[in-house]
Amino acid sequence: MSRLSQMIETEQRRLGKTERQIAAEFGWSQQTFNTWKSGVVPRHRVFAPLARFLRITEDDLAMLVKEASASTGSTKLPDLGSPIIGREHDGLIVFDEPIGFAKPQTAGCYVVRIGGRNSWVNPRLRPIDGNEVVVRSGADGRVGVWPLKLGDGEEAHVIVLSERV
């Protein structure tokens, strides 16, 4: 079973709807929906509604379709990020079925070791209030929380992901 088929089945279970209900809501036939669950690869013309159903981008869906159509069991799966299984509700964290995927913004980042842990730093993001930043000046730097005063030649780069204890 491909990752795409698994995601389709998981989303159907999460919604608690029949194949017929989902097909009617998203504009495809029940039989078509059933074939996707059994491993048949969807055609490009249904990518937009299927991506909405799965709560992923069309690009991510295209990667899944490509992987499913070429899969021999050894194909590298696309990186969709981590499944989102927890959300805040009335001050508590509620864990439930996956509701999508979250990626850290690590493209174009560099990593620094701070306190023995890795932190991914994106030099292209503009800091906003409350962001943890690395302030760089040539070969030296420091960590702070935005906003802060920058000296001559200093740049603030946003820390987008950090390992925790």
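The values are calculated or read from the model by the stated rules, or taken from the named source; none is laboratory data. Small disclaimer: the values here were computed from a predicted structure and weren't measured. Neighbour counts are summed over all protein chains in view; Cβ atoms, including those assigned to glycine, are modelled from backbone coordinates with ideal geometry. Just the protein is used for accessible areas: all its heavy atoms, side chains included, with ligands, DNA and RNA removed. Shrake-Rupley method; radii C 1.70, N 1.55, O 1.52, S 1.80 Å.
On the basis of being basic (Lys, Arg), within 21 Å of Pro83 (Cα to Cα) and surrounded by 13 or more Cβ atoms within 10 Å (Cβ to Cβ), does Arg13 make the cut? Criteria not met by Arg13. Could you grab the pairs with beta carbons closer than 9 Å, sequence gap of 6+ or different chains, first residue in region 1-23 and in contact (Cβ under 8 Å) with a residue 24 or more places away in the chain and within 26 Å of Ala70 (Cβ to Cβ), second one part of a helix (DSSP H, G or I) and open to solvent by 70 Å² or more (accessible area, probe 1.4 Å)? Once the first residue is in contact (Cβ under 8 Å) with a residue 24 or more places away in the chain and within 26 Å of Ala70 (Cβ to Cβ) and sits in region 1-23, its partners that are part of a helix (DSSP H, G or I) and open to solvent by 70 Å² or more (accessible area, probe 1.4 Å) give Ser2/Ser69. Within region 38-54, the set of residues being surrounded by fewer than 17 Cβ atoms within 10 Å (Cβ to Cβ) and either aliphatic (A, V, I, L, M) or at pLDDT below 90 (or both) comprises Ser38, Gly39, Val40, Arg43, His44, Arg45, Ala48. Only a single criterion out of (1) modelled with pLDDT of 90 or more; (2) among the polar types (S, T, N, Q); (3) closer than 30 Å to Leu161 by Cβ is not satisfied by Thr10, namely (1).
Once region 119-150 is narrowed to residues that are surrounded by 12 or more Cβ atoms within 10 Å (Cβ to Cβ) and under 21 Å from the mean Cα position of the chain (by Cα), the residue that is nearest to Glu163 (Cα to Cα) is Ser119. The C-beta contact set for region 132-145 (first residue farther than 11 Å from Ala156 by Cβ, second residue of a type outside the set (D, E, K, R) and open to solvent by 10 Å² or more (accessible area, probe 1.4 Å), distance under 8 angstrom, 6+ apart or interchain) comprises Gly138/Gly153.
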